[in-house]
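The values are calculated or read from the model by the stated rules, or taken from the named source; none is laboratory data. All values derive from a computational prediction rather than experimental measurement. Note that each Cβ is placed from the backbone with ideal geometry, even for glycine, and that neighbours are counted across all protein chains shown.
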Amino acid sequence: MSNLRQPNTTAAPPQLDFHPLRDDLYNELHSRPFQVLPCPARVTHIALLTTEAQRRDQFHHLQELHLLLGFPAPADEVSCFEQTFGNLRVRREMHMEFAAYTFINLEERDDHRPFETTGLSLLPQGWLERLAGTVVAAFHVDLQRVEHGPDTDLALVRPWFEGQRLVGSSPQEGKARVWGSFKLHSDGFGRFMVLNRRLSDSQLGRLTQRLMEIETYRLMALLALPRAREITPRLNEMDQQLAVITQALADNQQVDEKGILAELTNIAARIEAFRANATFRFSATRAYHRLVLSRLEALREDELSGHLTITEFMTRRLTPAVKTCESVNDRLEDLSRRVDRASDMMRTRVELAIQSQNQQLLSSMDRRSKIQLMMQHTVEGFSVVAISYYLISLLKLVMETAHEAGFHFDKSVVLGIAMPVIVLAVFLGIRAIHHRFLKMARRE
């Protein structure tokens, strides 16, 4: 008899301090499960740029769809919502800047003609037209089961693509074949056709999901290209302006520093405006491009004779557009750094000019101070004479008064002795006052 004890699955969980986001982190990996798609099926995928207000309107519109089709409306909005209404399956996924809707028509029809019935065919009349948001991606995917090889594909597929040049490949080790044109057709939608040979419903769902993500992320990545083309001529103009300014500084030419600083400030402001309007879009382009490349790698494509694979097509067409956006973004950063360096040089030049002016001003002030000091010494000499003169005059009055009062002395002798004493005393007194003020100034 075994001594192993069976685990007690009904035991209470340990009372640990769980992070408040722990459940959300677990659920995040399962928030957007892959589709499970039968074959045949018709799929329509629409991606719309949305604001916060439009997202709220979209949710109310989704609730209205449930009521129109006789189903209870959802109460809470989630990042990925899926509901099956008989033969119609609707899936809504919320992304950072867009909302994606997938409509799947599960009707089985013997007279099916590709793209004549689509994932939108079972929607109530007028419901789609009232959907809030700006459509970026909109395309149909027709899923068909085939038994034949790729040799007869063109005869089956080409009539449904309105003469467009086709891109085709055989993903998943030849278990299916994918055809598309990556262009808009007469109905305003793109088109893909998936010919399924040996894929299970789960594998077919994953393949279709990757195709929809590739096309959606491709278009989202290209949103920055018109902006890059719009910015490029203005960057060229500012680049030329900056080159002229830098050359003038390098040649040490006499320039209007104030005017050049104003011009550099204007260029810097324009660059910052471009960066504010385009940096997010360029960063998003890089992120979407990486997502496209990862989805292409997951396809594991084999080539169909005479046609570009989806990976080859994307590498040849999408990658140069993304590189253009990255180049413009890099030019913005480089131009901003060059403007900063030119501004630093101009500020240094202005500061040196100001320092030179200050040095000249200080030298001039020093010369004036010396002149004022010399004048002060001269005035001090005159002051000694003037004060001595007044003191001697007072002494003479005192002597005359004393002589009239009966005191007898030789006035000339007394005056001759007093004069040098008075002059010396006045001189020493003024000098003492002068030194006292100098000491006070040094302490301060």
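Yes/no per residue for (1) in contact with a Phe, Trp or Tyr (Cβ under 7 Å, 6 or more places away or on another chain); (2) assigned to a helix (DSSP H, G or I):
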residue	(1), (2)
R290	no, yes
L293	no, yes
H307	no, no
N329	yes, yes
S336	no, yes
N358	no, yes
D366	no, yes
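Inside the range 346-384, can you point out the residues that are in contact (Cβ under 8 Å) with a residue 12 or more places away in the chain and either in contact with a Lys or Arg (Cβ under 9 Å, 6 or more places away or on another chain) or not assigned by TED's automatic domain parsing to the domain that holds E257 (or both)?
Listed by number, the residues that qualify are V350, E380, S383, V384.
For Q35, work out the one condition from (1) crowded, with 19+ Cβ neighbours inside 10 Å; (2) modelled with pLDDT of 90 or more it doesn't fulfil.
So the condition that Q35 fails would be (2).
Yes/no matrix, rows are residues, columns are (1) within 15 Å of E326 (Cβ to Cβ); (2) outside the structural domain of V350 (by TED's automatic domain parsing); (3) at pLDDT 90 or above:
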| residue | (1), (2), (3) |
| --- | --- |
| A228 | yes, no, yes |
| L249 | no, no, no |
| R281 | yes, no, yes |
| R286 | yes, no, yes |
| L296 | no, no, yes |
| E301 | no, no, no |
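Which residues, counting only those in the range 39-72, are surrounded by 13 or more Cβ atoms within 10 Å (Cβ to Cβ), assigned to a loop (DSSP other than H, G, I, E, B), at pLDDT 90 or above and touching a helix residue (DSSP H, G or I) at 6+ places or on another chain (Cβ under 9 Å)?
T50, F71
Please verify whether the range 74-82 includes one or more residues that are hydrophobic (A, V, I, L, M, F, W, C), in contact with a helix residue (DSSP H, G or I) (Cβ under 6 Å, 6 or more places away or on another chain), within 29 Å of V194 (Cβ to Cβ) and loosely packed, with under 14 Cβ neighbours inside 10 Å.
Checked the range 74-82: no residue is hydrophobic (A, V, I, L, M, F, W, C), in contact with a helix residue (DSSP H, G or I) (Cβ under 6 Å, 6 or more places away or on another chain), within 29 Å of V194 (Cβ to Cβ) and loosely packed, with under 14 Cβ neighbours inside 10 Å.
Does L199 count as of a type outside the set (F, W, Y) and within 27 Å of R331 (Cα to Cα)?
Criteria not met by L199.
Does M345 count as in a helix (DSSP H, G or I), at pLDDT below 80 and touching a helix residue (DSSP H, G or I) at 6+ places or on another chain (Cβ under 6 Å)?
Criteria met by M345.
Tell me which residues, restricted to the range 404-430, are part of a helix (DSSP H, G or I), farther than 15 Å from A386 by Cα and not aliphatic (A, V, I, L, M).
E404, K411, S412, G416
Can you name the residue in the range 97-114 that is at pLDDT below 90 and touching a helix residue (DSSP H, G or I) at 6+ places or on another chain (Cβ under 9 Å) and, of all such residues, is farthest from N27 (Cα to Cα)?
The selected residue is R113.
Inside the range 240-264, can you point out the residues that are under 29 Å from A228 (Cβ atoms) and exposed (fewer than 13 other Cβ atoms within 10 Å of the Cβ)?
Q240, A243, V244, Q247, A262
Here is a yes/no grid of residues against (1) in contact (Cβ under 8 Å) with a residue 24 or more places away in the chain; (2) assigned to a loop (DSSP other than H, G, I, E, B); (3) crowded, with 21+ Cβ neighbours inside 10 Å:
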| residue | (1), (2), (3) |
| --- | --- |
| I104 | yes, no, yes |
| G119 | yes, yes, yes |
| A155 | no, no, no |
| G168 | yes, no, yes |
| Q172 | yes, no, yes |
| L184 | no, yes, no |
| R191 | yes, no, yes |
| R198 | no, yes, no |
| S202 | yes, no, no |
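From the list V194, V141, V178, exactly one residue is closer than 30 Å to E52 by Cα and of a type in the set (A, V, I, L, M). Which is it?
After applying the criteria, what remains is V141.
Just one of (1) in a helix (DSSP H, G or I); (2) exposed (fewer than 13 other Cβ atoms within 10 Å of the Cβ); (3) at pLDDT below 90 trips up G163, so point out which.
(1)
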